[in-house]
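K.L.:
The following block contains the structure, expressed as structure tokens.
The values are calculated or read from the model by the stated rules, or taken from the named source; none is laboratory data. From a predicted model like this one, the values you see are computed outputs, not experimental measurements. All Cβ positions, even for glycine, are placed from backbone atoms using ideal geometry, and neighbour counts span all protein chains on display. With ligands, DNA and RNA removed, areas are computed over all heavy atoms of the protein, side chains included. Shrake-Rupley method; radii C 1.70, N 1.55, O 1.52, S 1.80 Å.
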Amino acid sequence: MAITGVKGFNDILPGEVEKWQHIEATARRVFELYGLSEIRIPILEKTELFCRSIGDATDIVEKEMYSFEDKGGNKVTMRPEGTASVMRAFIEHKMHALDPVARLYYMGPMFRYERPQKGRYRQFHQIGAEITGVSSPTVDAQVLTMLTHFFQELGLTEPSLQVNSLGCPCCRPNYREALKSFLYERIELLCDDCKRRYETNPLRALDCKSPGCQEATKGAPSMLQYLCDDCSTHFGKTRSYLDLVGTPYAINERMVRGLDYYTRTTFEMVTTMLGAQSAVAAGGRYDGLISELGGPQIPGIGFAMGVERVALLLAEKEFARRPDLFIAAIGEEAHAEAFRLMAALQRNGIAVEIDYEGKSLKSQMRRADKFNSRFTLIIGEDELAKSAAPLKNMDGGTQEEIALDAALIAKVIKVIKG
Ligand code: HAM
């Protein structure tokens, strides 16, 4: 019996991969406009890194990590997200000594043992960005503007931006207590998970999908009412900078995040097009994370998008690559000439296809159609005899005779490149 892949781990095949390459290239282009540089981080990290950053009482750390002991007895984990690794690298390489402001982006696979469904996988891919060293709300607005710009460049009208503030260690404890007393009266309505995390992580009840939790949290106090002066000013300024540059957003006071490191601004890019998996990108500020991981007191902010989810939003768009030219050749001599031409044109930056097996003209033209090539050149015995062949523009339907002489390659390049 043939061996199949592991559940929740997917192949990305040609046909689909062009969409991914387009998403990745768009991210690189847009992020670099905003001064970000790429960082490549390893897939495996010490388990402790994620326990300390994401938080012991989160779903990710409690039940979703791919953790194991390696042959040396070290406890390691396949990264469930990128922020912790980027900050570990930032501290380990003392990047802050050179400049506390680091503007970094990354892309690659992440691993979470979740129940797979549309838009949710066990190996999934993120494109993320992290900016350290700036507490000014201008950077919050810039990160959100860059993310919005990225989706605009992809030509998507969804997803839309929702923002919230989760306060800081100074004001959040008061809010937690207020929320706990509100929920105390309704604790029987909460699902088992939210009952269990009532003490450790009561805010999660606010975004829990279970009907009981939704009922229980109706009319719950909002974090925004509990922000301290500094957090409230920060949130107000973030909003006014967003308005200043025309980045659209809505406030979602019930948004809480599934990772513990967030402070102040948090956000999600949400869509209604992917069923339960509504978050296409998400992130926020993490002003305490770098010091929590043993580095200096340097603030940070960032986000990550799920590439599979972005690709699903682009489902309707066509990304298949088109060759510039298909050369159909009849007979052995013509076939050799087509092969020579193909090699010379490819070396000159023209994408060329031929039919390797030299089948009938009809079947070769079917292949040209399948490739959807922009031009075709047909070389048969007649063409070789009169030293001229028809070069046809498949989009415009126009055709011109091209002499099969020493200037052929230059002429074909001129026609194709326009
Ligand atoms: P997150 O909300 O856990 O945040 O994940 C970010 C995005 O990754 C989600 O919005 C979703 O699009 C995608 N994603 C997450 N889990 C899956 C899955 N199982 N299958 C498919 N896609 C998924 C973080 O990971 C933070 N590190 C984001 C961040 C960066 N915050 C600050 N900087």
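K.L.:
What nm distance separates the two modelled labels at Gln21 and Glu332, each placed 7 Å from Cα along Cα→Cβ?
P.N.:
Taking the simple label geometry, Gln21 and Glu332 are separated by 3.6 nm.
K.L.:
Kirkwood Rh over alpha-carbon pairs of region 64-131, then Stokes-Einstein at 25 °C and 0.890 mPa s: what D in µm² s⁻¹, rounded to an integer?
P.N.:
Details: Rh = 13.8 Å.
Reported coefficient: 178 µm²/s.
K.L.:
Next question, about the same structure. Whole-Å semi-axes of the chain's equivalent ellipsoid, largest first, each the root of 5 times a Cα gyration tensor eigenvalue?
P.N.:
Gyration-tensor ellipsoid for the chain: 54, 23, 21 Å.
K.L.:
Right, next: When ranked by the protection proxy of mean other Cβ atoms within 10 Å per residue, highest first, what sequence do the peptides 182-190, 197-205, 296-304, 402-410 form?
P.N.:
Top of the packing list down: 296-304, 197-205, 182-190, 402-410.
K.L.:
While we're here: Counting pairs of alpha carbon atoms under 8 Å apart in space and at least six apart in sequence, what relative contact order in percent does the chain give? The partial results should precede the final answer.
P.N.:
Numbers: 702 pairs, mean separation 64.2, N = 418.
Relative contact order of the chain: 15 percent.
K.L.:
Something else now. Report in % the part of the accessible area of the chain that belongs to carbon and sulfur, leaving out ligands and nucleic acids; probe 1.4 Å.
P.N.:
Numbers: 10590 of 20670 Å².
Carbon and sulfur atoms account for 51 percent of the accessible area of the chain.
K.L.:
Just the number: Rg to Rh for region 230-280, Cα atoms, Kirkwood Rh, two decimals.
P.N.:
Looking at region 230-280, the ratio lands at 1.00.
K.L.:
Which of the peptides 151-162, 103-114, 65-76 is most tightly packed, and how do the rest follow, going by the mean number of other Cβ atoms within 10 Å of each residue?
P.N.:
Result, highest mean first: 103-114, 151-162, 65-76.
K.L.:
Over the chain, give the accessible area per residue in Å² for a 1.4 Å probe, as an integer.
P.N.:
49 Å²
K.L.:
Okay, next question. Based on the Cβ-Cβ distance from Arg196 to Ala2, what FRET efficiency comes out when R0 is 45 Å, to the nearest 0.05?
P.N.:
Here the calculated transfer efficiency is 0.60.
K.L.:
Dividing the alpha-carbon radius of gyration of region 291-364 by 2.2 N^0.38 Å (N being the number of residues), what value is obtained? Walk me through the numbers on the way to the answer.
P.N.:
On the way: Rg = 24.6 Å, N = 74, 2.2 N^0.38 = 11.3 Å.
Rounded to two decimals, the normalised Rg is 2.18.
K.L.:
If packing is taken as the mean number of other Cβ atoms within 10 Å per residue, what is the order of 385-395, 12-22, 47-57, highest first?
P.N.:
47-57, 385-395, 12-22
K.L.:
Among Lys392/Lys414; Lys317/Lys392; Lys362/Lys392, which pairs are too far apart, with a Cα-Cα distance over 21 Å?
P.N.:
Over 21 Å Cα-Cα: Lys317/Lys392.
K.L.:
Moving on. For Lys71, give me every one of the lysines with a C-alpha distance below 21 angstrom, ignoring sequence neighbours fewer than eight places off in its own chain.
P.N.:
Answer for Lys71, where 21 Å is the Cα cut-off: Lys46, listed by chain and number.
K.L.:
Starting from the Cα of Lys63, draw a straight line to each of the aspartates and glutamates and keep only those under 20 Å, dropping any in the same chain fewer than 8 residues away.
P.N.:
Glu45, Glu48, Glu81, Glu114, Asp192, Asp193, Glu199, Asp207, Asp260
K.L.:
Counting only the backbone N, which residues of region 283-302 are under 18 Å from the spot 7 Å out from the Cα of Cys228 toward its beta-carbon?
P.N.:
Taking a point 7 Å out along Cα→Cβ of Cys228, the residues of region 283-302 whose backbone N falls under 18 Å are 285-292, 297-300.
K.L.:
Can I ask one more? Apply 1/(1 + (r/R0)^6) to the Cβ-Cβ distance of Cys170 and Ile413, taking R0 = 51 Å, and write down the FRET efficiency to the nearest 0.05.
P.N.:
Working: r = 66 Å, r/R0 = 1.30.
Calculated transfer efficiency: 0.15.
K.L.:
Normalised by the empirical 2.2 N^0.38 Å for globular proteins, what value does the Cα Rg of region 325-417 take? Don't jump to the answer; show the numbers that get you there.
P.N.:
Numbers: Rg = 11.8 Å, N = 93, 2.2 N^0.38 = 12.3 Å.
Against the empirical 2.2 N^0.38 Å value, I get 0.96 for region 325-417.
K.L.:
How much FRET efficiency would the formula 1/(1 + (r/R0)^6) give for Asp382 and Ala320, where r is the Cβ-Cβ distance and R0 is 35 Å, rounded to 0.05?
P.N.:
Numbers: r = 33 Å, r/R0 = 0.94.
It comes to 0.60.
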